[in-house]
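A quick write-up on the structure given underneath.
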Amino acid sequence: MMSQMPLVSLSCVLIFHVFTAIANYMSLETYIVHVDLPHSQILSDQSQDYLETWYTSFLPTTLASETDQTPRMVYSYRNVFSGFAAKLTRDEAKAMHNKTELISARPQEIFPLHTTHSPNFLGLHQDTGFWNNSNYGRGVIIGVLDTGIFPDHPSFGDEGVPPPPAKWKGVCEFNFTGACNNKLIGARHFRNGDGSPLDSNGHGTHTAGTAAGNFVGGANIFGMANGTAAGIAPLAHIAAYKVCSSFGCSESDILAAMDIAIEDGVDVLSISLGGPSRPFHNDNIAVGAFAATERGILVSISAGNNGPASATLSNEAPWMLAVGASTTDRKLTATAMLGNALELAGESAFQPKHFPATQLPLVFPGSNTSDFDSRHCGESSLINTGVKGKIVICEVGGGTTSRRKGQAVKDAGGAGMIIVNTRRYGYSTLVDAHVLPATNINYEDGIKILAYLNSSTSPTASIVFKWNNNRGQYISDGGLVFIQRPQHIKPRNSQARYHRARSQHSSGLA
């Protein structure tokens, strides 16, 4: 019995150390640290080895003697500012304040991601005028910081695109051949992704195509909006930097991408992400953009998706080109025709050719109940609610996407759907590819529909589809159809939000 005691004690010690190591790891956060260099040194004169040594001197000295060998240094920044990203506990970060060269240290943030007819709407026409005189961006390198890129998308073909300039120093980190060419000249990924520059959700492919997608003929959405897809600089080069994943966009990765993009030789940084407004010295994206601007790089960045409240602008530092949503003259109209002869124009990317204009019973499952799910047409909320063969009213939001609302209506036997905006969504109607005949109506018209519903003993409605393209041939964003319909170039305005078929954001170059 006594001989077993040392083994039991040893096991307890090992378990203690394991749990201690786990607890230490769980308490680690990635901090963005700004530091001064020694007074006798200048950042541009320092080797990467010198910077690594200097930055490491700010880390706790106890790390070398600890059994926990978790790598603490995440990134050493050279171009965006003098500083680094490191995994630290709160106490370790606090201890760094004893060093006089420390400027600031705070946990990193995770930022969220923030059309089709844009070139023609902007007066850009192939083979003539300003677009032709500008050489379509030939020779310009655009670095896109986003969710990655799909290299096989037709917008990234290199027909007519010359080789990249000799100054280009970037790399192509795809693990298969043929991914990069004269159009897509580089692709990188960073620590918080999935180990590949491949696009994680399509957002990065869209923004890259909007900025510099090559000419692609025959682009359309369900046979509508036919034309030639093109980015604003169709003969420019693209370098993709994957800084976003399904969890958002890591601040340390964003800064690392800006840092290496400056060395790679980009001419433009296109960034469609960001956080809330903050003082410039606390805004690391603004600080990194300032360093890029000092080197002659244009930083084009999204102004955000928020509004209509004041102070909802993102990325407002004056040395960045902040791009807000604007108006085009294209609309995929889906009109709600009420039984009282009132016609209310909404929008839908699903435009069935043979949906009858016959008036059908109109119902609102949430009108006589406080059930949250049925009001928003949540999944399985409409079963046995008597909506079969009827036009169903659903409120926007409620944690359910428009397509899922439509699926719930369809599963319950509904013939069609009218999505009405709440006050919060105002006039920002979405152009979705619905699974059944549907339209999205703005807040003001939604009030009229509900008033009619409550005033009639037998309310009816139908949906009439007619997409409207007043003029235009060229569509931007690399063949993915996105429609904008705000009335002002202001994120704070309730209408200044992108309408979308597959994504909603304000692109850095759109």
key: Solvent-accessible surface (1.4 angstrom probe) belonging to Lys94, in square angstrom, nearest 10   = 150 Å²
note = Phi-derived 3J(HN,Hα) across the range 122-127 with the Karplus relation (6.51, -1.76, 1.60, θ = phi - 60°), rounded Hz, x for Gly and Pro, is 7, x, 9, 10, 5, 6
inquiry  = For a quick check of understanding: with a 1.4 angstrom probe and all protein chains in place, what accessible area in square angstrom does Met337 have, to the nearest ten?
reply    = 50 Å²
query = Can you list the lysines whose alpha carbon sits under 17 Å from that of Lys99, skipping same-chain ones fewer than 8 residues off?
reply = none
note = Heavy-atom accessible area with a 1.4 angstrom probe orders Phe130, Phe81, most exposed first, as Phe130, Phe81
remark   = Applied in sequence order to the range 140-153, the curve 6.51 cos²θ - 1.76 cosθ + 1.60 (Karplus, θ = phi - 60°) yields integer Hz couplings, x standing for Gly and Pro, of 8, 10, 10, x, 10, 9, 6, 8, x, 7, 8, x, 8, 5
ask   = With θ set to phi - 60° and the Karplus curve 6.51 cos²θ - 1.76 cosθ + 1.60, what are the ³J(HN,Hα) couplings of the range 278-291 in order, to the nearest whole Hz, using x for Gly and Pro?
value = 7, x, 4, 6, 9, 9, 5, 5, 5, 5, x, 5, 5, 5
query = At what distance in nm do the modelled label points of His125 and Ser27 sit from each other, each positioned 7 Å from its Cα along Cα→Cβ?
reply = 6.9 nm
task = Search the structure for amide H atoms under 5 Å from the amide H of Val74, placed 1.01 Å from N in the peptide plane, and list their residues when 5 or more places away or on another chain.
result = Ala85, Ala86, Lys87
ask   = Just the accessible area for Phe280, please: 1.4 Å probe, Å², rounded to the nearest 10?
value = 80 Å²
remark   = Rounded to the nearest 5, the percent of antiparallel DSSP beta bridges in the range 201-360 equals 60 percent
Listed pairs Lys242/Lys331; Lys390/Lys410; Lys353/Lys410; Lys183/Lys331; Lys353/Lys466; Lys410/Lys448 exceeding 21 Å between Cα atoms = Lys242/Lys331; Lys183/Lys331; Lys410/Lys448
task = Keeping every protein chain in place, order Lys390, Lys353, Lys410 by accessible area at 1.4 Å, biggest value first, i.e. largest first.
result = Lys353, Lys410, Lys390
key: Cut-off under 5 Å, modelled amide H: who pairs with Leu332 long-range   = Ser348, Asn468
message = Heavy atoms only, 1.4 Å probe, whole protein assembly: order Arg404, Arg138 by accessible area, highest first.
response = Arg404, Arg138
query = Once you list every other residue whose beta carbon is under 12 Å from the beta carbon of Lys242, what net charge do they have if Lys and Arg are +1 and Asp and Glu are -1?
reply = -3
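The values are calculated or read from the model by the stated rules, or taken from the named source; none is laboratory data. Computed from a predicted structure; not experimentally measured. When we count neighbours, we look across all protein chains shown, and the Cβ atoms used for this are built from the backbone with ideal geometry, even at glycine. Note: accessible area is taken over every heavy atom of the protein model, side chains too, but ligands, DNA and RNA are not part of it. Shrake-Rupley method; radii C 1.70, N 1.55, O 1.52, S 1.80 Å.
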